[in-house]
Amino acid sequence: MRSQFKITVLLVAITLITSSKVVLAQQTTAGDPIELQLPEVALIDTDHAPITLTLTTSNAGESIASSDSNSDMYVKVTSLVPAGTNRDISAKITGTVPTGTKLTLSSAAATAANSAGTLGSPVGSAITLSSSDQNIVTGIGSCYTGTGSTDGYQLTYTWALDNPSVNFGNLEANASTTITVYLTITAAQ
């Protein structure tokens with residue numbers, strides 16, 4: 001009977017060992033370094049449409065038109081700046097504005113339809129363009145203005161007589177004068 005008991009205990013032990021699933025595992029972790037990069041970006045573009053401004057009259061004895069304006073140009077920007085910094089857009093010209101006249105530029109706020117971020121603000125009043133950079137939009141942070149034909153900062157160029165009661169005699173007729181306007185988005189400051 002003792003050997004029968006040993007066989008029964010042995011069979012029970014074998015049954016328990018084979019019926020219980022023992023998993024011996026150790027927790028492990030694997031990982032890969034992932035570098036995320038967001039570099040500074042400063043991109044600026046315009047519609048590249050030529051603008052023609054004309055001062056003329058068709059009535060004898062009358063002064064030529066005192067000004068001519070065009071608001072068809074939009075400036076598009078994409079900007080990524082480091083924390084606590086911003087950018088500006090400045091404008092300057094090459095070429096010579098005809099004597100007795102001036103060329104001014106003003107900017108409207110960026111259109112809201114396709115833009116996002118810190119778009120900055122126009123300086124307010126029109127600037128008289130010269131060969132020196134002058135800000136037209138300040139406080140641009142990380143933003144984009146959209147890429148459509150009427151997205152971005154709308155620019156208004158105005159060519160006008162400069163003090164005509166004094167300077168009208170200095171005006172000289174010419175076929176055409178070409179001025180190039182350079183718009184610059186500054187480095188983050």
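The values are calculated or read from the model by the stated rules, or taken from the named source; none is laboratory data. Quick caveat: nothing in here was measured; it's all calculated off a predicted structure. Virtual Cβ from ideal backbone geometry, glycine too; neighbours counted across all protein chains shown. To get the accessible areas, we keep the full protein, side chains included, count just its heavy atoms, and leave off ligands, DNA and RNA. Shrake-Rupley method; radii C 1.70, N 1.55, O 1.52, S 1.80 Å.
The mean sequence separation of alpha-carbon pairs under 8 Å and at least six residues apart, normalised by the residue count of the chain, gives a relative contact order of 28 percent.
Taking θ as phi - 60° and the Karplus parameters 6.51, -1.76 and 1.60, the scalar couplings of the range 94-109 work out to 10, x, 10, 6, x, 3, x, 10, 9, 10, 10, 9, 9, 10, 8, 4 Hz in sequence order, x denoting glycine and proline.
Counting only Cα atoms, the size of the range 77-189 along its three principal axes is 53, 28, 22 Å, in decreasing order.
Across every direction, the projection of the convex hull enclosing the Cα atoms of the range 27-128 has a mean area of 12.2 nm². To the nearest ten degrees, helix 2-19 and the longest principal axis of the Cα atoms of the chain are 10 degrees apart. The order of 144, 157 by accessible area, most exposed first and with a 1.4 Å probe, is 144, 157. Solvent-accessible area per residue in the chain equals 66 Å², computed with a 1.4 angstrom probe and all protein chains kept.
The simple spin-label model puts a point 7 Å past each Cα toward its Cβ; for residue 48 and residue 187 those points are separated by 2.8 nm. Pairwise alpha-carbon distances in the range 133-189 exceed 17 Å for 63% of all pairs. Here the chain exposes an accessible surface that is 54 percent carbon and sulfur, computed with a 1.4 Å probe and the other protein chains kept in place. Over the chain, the ratio between the Cα radius of gyration and 2.2 N^0.38 Å evaluates to 2.26.
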